[in-house]
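Before any comments, here is the structure.
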Amino acid sequence: MSDHRARVKTAFENNSPEQAHAYLPYRLAALAFRIIALLFVIFGILRISKILSAEPVWNSFLFYTVQSNLLCLIWLILLVVRTLRDLAKTGPRGPSVPSPRLAAAVMMAITVTLLIYVLVLAPSDFVQSGDYVPFSLTDSLIHVVAPALIIADWLLFVPKGCIRGYDPALWLLLPLAYVVFALTAGALGAEFFAGVNYPYPFMDVTQHGYPGVGLNVLVMGLALLAVGYLVLLIDRLLARAFRRKS
């Protein structure tokens, strides 16, 4: 472990805002932000799944988008509980996050949702069943607002300098696991839409074949790996800049 990472780890474990790097050590602000973010994520999941209506859309939970939003829901609940605990135990200043590395992993999981929607799905001619309109309120909540809130939480309230060099590769495991899940579910007859056995056009085995889907996944995986290393670079630059300033 480098001297810098050791200092950050020690400061984080000791809840020392004077030593930890590149985050806002204001727990009341973090708590308010995280509660608001949690409400937005809950609202988005309720709208896309219609789980409180007479006709819930259960197959919405087959999509990576909804699964990644559920991950954010769990993460935000953990953050709120952790922040409340730290406020009671050590006061209003300091970091409140179970793990900076885990925070980055969750952020990258939902960033995948944002990037694929904005760069791949919304600009394409894909059509979902019904009167689908890209960037509707529901779509914006789960594809844009939720990722933006998680990214903002990482930027504002999570200590920097803790991400390891191999973490961006580990962040790919979750979307890759989803690819395996979706292809398996589709092959077994699961319908993501009425009569459609794939969640996204680039995973349409009938049109592209397994080699074509594999190539699409490989290209996207490499692009996401590049984004992951960009996150790592931002993390280290912020930690370094804050260290020089302090």
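Screening the candidates 178, 198, 210 for the property of being touching an Asp or Glu at 6+ places or on another chain (Cβ under 6 Å), within 21 Å of residue 120 (Cα to Cα) and among the hydroxyl-bearing types (Ser, Thr, Tyr) yields one hit, 198. Checking each residue in segment 210-246 for being of a type in the set (Gly, Ala, Ser) and over 19 Å from residue 176 (Cβ atoms) picks out 239, 241, 246. Scanning segment 71-93 for any residue that is assigned to a loop (DSSP other than H, G, I, E, B) and not polar (S, T, N, Q) turns up at least one such residue. Counting only helices (runs of 4 or more DSSP H) that sit wholly inside segment 129-207, those with at least 2 residues that are without any contact (Cβ under 8 Å) to a residue 60 or more places away in the chain and among the aliphatic types (A, V, I, L, M) are 146-157, 173-187. Within segment 147-161, does at least one residue satisfy the condition of being over 13 Å from the mean Cα position of the chain (by Cα) and of a type in the set (D, E, K, R)? Checking segment 147-161: at least one residue is over 13 Å from the mean Cα position of the chain (by Cα) and of a type in the set (D, E, K, R).
Of all residues in segment 102-127 being of a type outside the set (A, V, I, L, M, F, W, C) and farther than 15 Å from residue 71 by Cβ, which is surrounded by the fewest Cβ atoms within 10 Å (Cβ to Cβ)? Among them, the one singled out is 125.
Every listed requirement among (1) of a type in the set (A, V, I, L, M, F, W, C); (2) in contact with a helix residue (DSSP H, G or I) (Cβ under 7 Å, 6 or more places away or on another chain); (3) surrounded by 16 or more Cβ atoms within 10 Å (Cβ to Cβ) is met by residue 242 save one, (2).
The condition (being crowded, with 19+ Cβ neighbours inside 10 Å, hydroxyl-bearing (Ser, Thr, Tyr) and outside any loop (DSSP other than H, G, I, E, B)) is satisfied by just one residue among 96, 68: 68. Here residue 146 clears all of (1) surrounded by fewer than 22 Cβ atoms within 10 Å (Cβ to Cβ); (2) at pLDDT 95 or above except the condition numbered (1). Filtering 11, 30 for residues that are modelled with pLDDT of 95 or more, of a type outside the set (D, E, K, R) and surrounded by 17 or more Cβ atoms within 10 Å (Cβ to Cβ) leaves a single hit, 30.
The values are calculated or read from the model by the stated rules, or taken from the named source; none is laboratory data. Keep in mind that this is a model prediction, so the values were computed, not measured. Ideal geometry is used to build each Cβ from the backbone, glycine not excepted, and the neighbour counts take in all protein chains shown.
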